[in-house]
Amino acid sequence: MVLIVIFLTLPVCLYFTRKQRDSRVSFTDFRQNFFQNHYYLHVLGYLVIAFWKGWIDSLNEPMKRITGHWTDLIYAIEGNASLWFQDLLKNEVLTDVLNFHYLFIYLFLIYVTTVYFAYANDRDMADKVTLNYLLIYCIAVPYYLFFNVEVTSSWIPGMEALLYHEPVYIDFYVTHDPLDNAVPSLHVAIPFGILLLGWLDGKERGISLREYRHYSYMLFVFANTLIFMISIIYLGIHWWIDIPLGLTVGTIGALFIHHIQPRLRGSHGGIAWPKEPLRLLAVPILIAGLLSAAMLATIEATTVDTSMRVGEGEMVYEIIQPFSEDESASTLITNFDESVIIQFVVIELENAPEIMADGKPDWDSLQNNSIIKLNPGESVLYPHVKSNTWHLIMVESLTGSMVEVGMVTDYGDTRMLEGWIASMPSLLITGFVLQRVWQQKASSLSLADTRPIPLEEEE
């Protein structure tokens with residue numbers, strides 16, 4: 001896959017710079033341009049986000065035991081709208097195309113966008129789209145940690161997990177995609193952030209979108225954004241509410257990046273501190289405090305035992321992340337139904353592709369003693385004895401219609417303090433953007449205007 005990404009990069013960059021050949025960075029000047037514009041920091045940024053995401057994902061599962069989830073509320077609002085959409089479009093070829101697009105075109109788009117702007121010799125936009133990936137994920141962190149929402153295929157009876165049951169992708173998504181980080185959708189937020197950054201850049205330059213030299217590339221991003229909106233619903237991953245929330249997160253990130261990047265590059269003389277710094281920071285800190293209180297209040301508000309719903313003949317599963325040898329992990333699995341028997345099995349991730357060759361576990365191939373049946377109303381505490389290994393708990397309903405199943409994993413430490421610290425950058429960025437928008441409106445400045453506002457110019 002890496003080879004495919006590298007192979008596609010040059011054709012994409014050549015095609016979308018075909019009308020701006022004079023601006024292209026030649027291969028002979030690449031090294032000089034790379035260091036002159038400090039693009040090595042962009043590479044470092046992508047490495048940072050990889051470690052950052054790994055840390056956030058490690059917090060998600062331990063915290064979930066305390067924070068619960070909000071899936072029932074979302075389902076009460078949306079109902080079976082996602083299921084209707086999936087049934088309307090369901091097609092094997094479409095499923096294969098959207099699976100590939102969701103996983104790999106998304107990652108390719110993030111990577112190639114930075115390369116494209118660097119190749120087109122647009123340093124500022126190269127900066128902004130790199131920060132777009134880093135900071136939009138950062139903004140989404142508190143929603144993922146404190147407002148968990150299960151994927152639609154784990155909650156809506158009859159909704160198929162068209163992505164998650166694909167054996168070829170199972171290793172990738174299990175290790176990169178917690179199944180309860182459904183709101184908001186970064187597949188919407190990040191490409192929309194790219195679009196908004198391009199619009200803000202053109203508006204500040206006083207040119208229309210069609211006059212913008214990156215117009216054709218923005219159309220390319222726009223088309224892929226629409227496909228992402230379709231795929232996140234169709235594949236049984238996200239809820240409809242994820243689209244407007246993703247647009248909101250993308251807007252917050254783009255506005256922050258658009259205004260902070262010129263200051264990081266010194267375009268306005270560096271970061272312009274006012275005579276009284278607290279006047280600049282007071283509102284963001286206040287908003288961050290209020291959002292922290294709302295976030296922590298969810299701990300008391302989400303006393304939900306049901307983790308997922310299983311329809312007749314369906315299968316759902318939970319991811320068990322690795323833990324160290326000096327730690328422990330155990331999962332309390334409960335059958336909340338009054339008449340239906342369920343069964344579950346715990347398998348190691350490395351064995352999953354073989355066991356799930358047809359998209360579901362081959363129960364007959366599993367040893368009888370590895371399959372545990374739960375009678376109506378019965379619970380079992382399953383201890384995970386093998387550390388440093390990814391596991392899947394697969395659950396199937398044997399009879400009846402819809403079954404509510406509880407799966408709560410105890411990793412020992414809930415790591416709540418780490419979760420709150422990890423959320424603070426998001427809350428401060430949100431506070432900064434709200435303050436900036438208010439100040440620009442009060443000063444009759446355009447949102448695209450990155451010049452210091454009057455408050456920053458006070459002597």
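The values are calculated or read from the model by the stated rules, or taken from the named source; none is laboratory data. Being a predicted model, the structure only gives us computed values, none of them experimental. Neighbour counts run over all protein chains shown; Cβ positions are idealised from the backbone, glycine included.
Tell me yes or no: at least one residue of segment 234-242 is in a helix (DSSP H, G or I) and either touching an Asp or Glu at 6+ places or on another chain (Cβ under 8 Å) or buried (at least 16 other Cβ atoms within 10 Å of the Cβ) (or both). Within segment 234-242, one or more residues are in a helix (DSSP H, G or I) and either touching an Asp or Glu at 6+ places or on another chain (Cβ under 8 Å) or buried (at least 16 other Cβ atoms within 10 Å of the Cβ) (or both). Just one of the numbered conditions (1) surrounded by fewer than 22 Cβ atoms within 10 Å (Cβ to Cβ); (2) at pLDDT 80 or above is not true of residue 231: (1).
Where in segment 372-440 are the strands (runs of 3 or more DSSP E), entirely inside, with at least 1 residues that are among the aromatic types (Phe, Trp, Tyr)? Once the strands (runs of 3 or more DSSP E) in segment 372-440 are filtered for at least 1 residues that are among the aromatic types (Phe, Trp, Tyr), what remains is 379-384.
For segment 195-224, a tally of residues being assigned to a loop (DSSP other than H, G, I, E, B) and not small (Gly, Ala, Ser) returns 7. Looking at residue 105, is it crowded, with 24+ Cβ neighbours inside 10 Å, among the aliphatic types (A, V, I, L, M) and touching a residue at least 60 places away in the same chain (Cβ under 8 Å)? No; evaluated as a whole, the condition is false for this residue. Of everything listed in (1) within 31 Å of the chain's Cα centre (by Cα); (2) buried (at least 16 other Cβ atoms within 10 Å of the Cβ), the single unmet condition for residue 324 is (2).
Here residue 162 clears all of (1) assigned to a helix (DSSP H, G or I); (2) touching a helix residue (DSSP H, G or I) at 6+ places or on another chain (Cβ under 6 Å) except the condition numbered (1).
The combined condition, being part of a helix (DSSP H, G or I) and assigned by TED's automatic domain parsing to the domain that holds residue 14, is fulfilled by residue 137. Within segment 55-71, being more than 16 Å from residue 408 (Cα to Cα) and modelled with pLDDT of 85 or more holds for 55, 56. Looking at 247, 264, 290, just one residue is at pLDDT below 90, out of contact with any His (no Cβ under 9 Å at 6 or more places or on another chain), in the same structural domain as residue 13 (by TED's automatic domain parsing) and among the hydrophobic types (A, V, I, L, M, F, W, C), and that residue is 264. Tell me, yes or no, whether segment 373-381 has at least one residue that is modelled with pLDDT of 75 or more, of a type in the set (Asp, Glu), surrounded by 18 or more Cβ atoms within 10 Å (Cβ to Cβ) and farther than 28 Å from residue 92 by Cα. No, there is no match, as no residue in segment 373-381 is modelled with pLDDT of 75 or more, of a type in the set (Asp, Glu), surrounded by 18 or more Cβ atoms within 10 Å (Cβ to Cβ) and farther than 28 Å from residue 92 by Cα. Here residue 69 fulfils each of the conditions (1) part of a loop (DSSP other than H, G, I, E, B); (2) touching a helix residue (DSSP H, G or I) at 6+ places or on another chain (Cβ under 9 Å) apart from (2).
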